[in-house]
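Participant: My questions all concern the structure below.
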Amino acid sequence: VHHGAASYEQGNRNLTIERSYRAELEWEYHLNQKFTLYLSPFYNYMPGFINLTPMREAIQTVRGAFPGFEYLQGNARYLGGDLQLKMAISDHIDIQNNVQYVHGKYTHQHRYPAFLHPLNIHNSISWKFHGITCQLQHEFVAKQNLYNTGSDFLPPPPGYRLWHFMLKSSPKNQNSWRWNFEINNLLNQSYRSYMDRFRYFMDMPGRNIRMVIIKPLHHHHKKHL
């Protein structure tokens, strides 16, 4: 029983060795130092893939009922890739776009592995001026449709969009004061992540505001001269 994760995990002493064969390509294109395109597709074949999989029913223990998970094994293949696009609109404005996609399936079974990462698209625009960087970020996570009906305690939650804001200083003098101001989930969106086990019980955290102030300290002793 894992109280911190609110789950019950059952081991499997019959598991055999898991192997992985992966092929990955990387391609990067630059144009006048203002445009960068990066593409990285991959294919991964895993004989004996070991995956922590939800049980169909909760496990009743003396400490209460917990969502149960068991280690299952099978031959699986994963494929997908990353796409990144960076553009410098001017000397002060940059745009960056990232796309991540993964598709997975067991090769000899008509089912998908549990907890496949859904499609993720991340966009940001940054403005830099006089040592100050202002950035607005947009994050889109799609609903995971690679899912076997009835194979989890709850079906995958709907997709969601989040906005984040960041403001930080970047002084040229490394001994100067630096600060960083961030607001995650700017619009206080209610959502649940398919990759988080706590989605069975509650929403993800709402708006989070953080302020960090840094002052480098330098101690110099005469004997070190």
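The values are calculated or read from the model by the stated rules, or taken from the named source; none is laboratory data. Bear in mind the structure is a predicted one, so any value in this text is a computation, not a measurement. Here the Cβ positions follow ideal geometry from the backbone for every residue, glycine too, while neighbour counts run over all protein chains shown. Heads up: the accessible areas ignore ligands, DNA and RNA and are worked out on the full protein's heavy atoms, side chains in. Shrake-Rupley method; radii C 1.70, N 1.55, O 1.52, S 1.80 Å.
Participant: Of all the stretches in the chain, which is the longest one without any exposed loop site, taking trypsin sites (Lys or Arg not before Pro) in a DSSP loop (any state but H, G, I, E, B) with at most 12 other Cβ atoms within 10 Å?
Facilitator: Counting at most 12 other Cβ atoms within 10 Å as exposed, the longest clean stretch of the chain is 64-171.
Participant: Please compare each pair in K86/K143; K105/K143; K86/K172; K34/K172; K34/K215; K168/K215 to a cut-off of 21 Å on the Cα-Cα distance and tell me which ones are over it. List each step's numbers first, then the result.
Facilitator: Numbers: K86/K143 26 Å; K105/K143 17 Å; K86/K172 24 Å; K34/K172 23 Å; K34/K215 33 Å; K168/K215 14 Å.
Correct reply: K86/K143; K86/K172; K34/K172; K34/K215.
Participant: Let me ask you something else. Report ³J(HN,Hα) in whole Hz for each residue of the range 122-129, in order, from the Karplus equation J = 6.51 cos²θ - 1.76 cosθ + 1.60 where θ = phi - 60°; Gly and Pro get x.
Facilitator: Those phi angles translate into 10, 10, 8, 10, 10, 10, 10, 7 Hz.
Participant: Within the accessible area of the chain, what % is carbon and sulfur when the probe is 1.4 Å and the other protein chains stay in place? Write down the numbers at each step before the final one.
Facilitator: Values: 8270 of 14980 Å².
C and S atoms contribute 55 percent here.
Participant: Taking the convex hull of the Cα atoms, report for the range 1-91 its projected area averaged over all directions, in nm². Numbers along the way, then the final one.
Facilitator: On the way: hull surface 40.4 nm².
Over all viewing directions, the range 1-91 projects a mean Cα-hull area of 10.1 nm².
Participant: Same structure, new question: Return the long-range amide H neighbours of E70 (sequence gap of 5 or more, or a different chain), with a cut-off of under 5 Å between placed amide H atoms.
Facilitator: The list, which skips near neighbours in sequence, is Q10, T53, M55.
Participant: What aspartates and glutamates could a cross-link reach from K128, if we take a straight Cα to Cα line under 17 Å and drop same-chain neighbours fewer than 8 places away?
Facilitator: D91, D94, E182
Participant: So what is the relative contact order for the chain, in percent, with contacts set as C-alpha pairs under 8 Å and at least six apart?
Facilitator: Values: 507 pairs, mean separation 29.3, N = 225.
Reported as a whole number, the value is 13 percent.
Participant: Convert each backbone phi in the range 195-209 into a coupling constant with the Karplus relation 6.51 cos²θ - 1.76 cosθ + 1.60 (shift: θ = phi - 60°), then list the ³J(HN,Hα) values in order as whole Hz, x for Gly and Pro.
Facilitator: Going residue by residue, I get 7, 10, 5, 5, 5, 5, 10, 7, 6, 6, x, x, 4, 10, 10 Hz, with x marking Gly and Pro.
Participant: What relative contact order, as a whole-number percentage, does the range 131-198 give when Cα pairs under 8 Å and 6 or more residues apart are counted? Please list the in-between numbers first.
Facilitator: Numbers: 97 pairs, mean separation 23.0, N = 68.
In percent, rounded to a whole number, it is 34.
Participant: Would you kindly calculate the translational diffusion coefficient of the range 1-153, applying Stokes-Einstein with the Kirkwood radius from alpha carbon pairs, for 4 °C and a viscosity of 1.567 mPa s, and quote it in µm² s⁻¹ without decimals?
Facilitator: Numbers: Rh = 18.9 Å.
Reported coefficient: 69 µm²/s.
Participant: Report relative contact order for the range 89-186 in percent, whole number only (criteria: Cα-Cα under 8 Å, sequence separation at least 6).
Facilitator: Normalised by residue count, the contact order of the range 89-186 is 22 percent.
Participant: Run the numbers for H138 and N12: contour at 0.36 nm per residue of separation, minus the present Cα-Cα distance, in nm.
Facilitator: On the way: separation 126, 0.36 × 126 = 45.36 nm, distance 4.11 nm.
Additional length available on full extension: 41.2 nm.
Participant: Just the accessible area per residue of the range 74-181, please: how many Å² with a 1.4 Å probe?
Facilitator: For the range 74-181, the per-residue accessible area is 57 Å².
Participant: Apply the Karplus curve 6.51 cos²θ - 1.76 cosθ + 1.60, θ = phi - 60°, to the phi angles in the range 78-88 and return the couplings in whole Hz, x for Gly and Pro.
Facilitator: 10, 8, x, x, 10, 10, 10, 9, 10, 9, 9
Participant: With all pairs of different alpha carbon atoms counted, what Kirkwood hydrodynamic radius in Å does the range 142-225 show?
Facilitator: Working: mean 1/r = 0.0594 Å⁻¹.
Answer for the range 142-225: a Kirkwood hydrodynamic radius of 16.8 Å.
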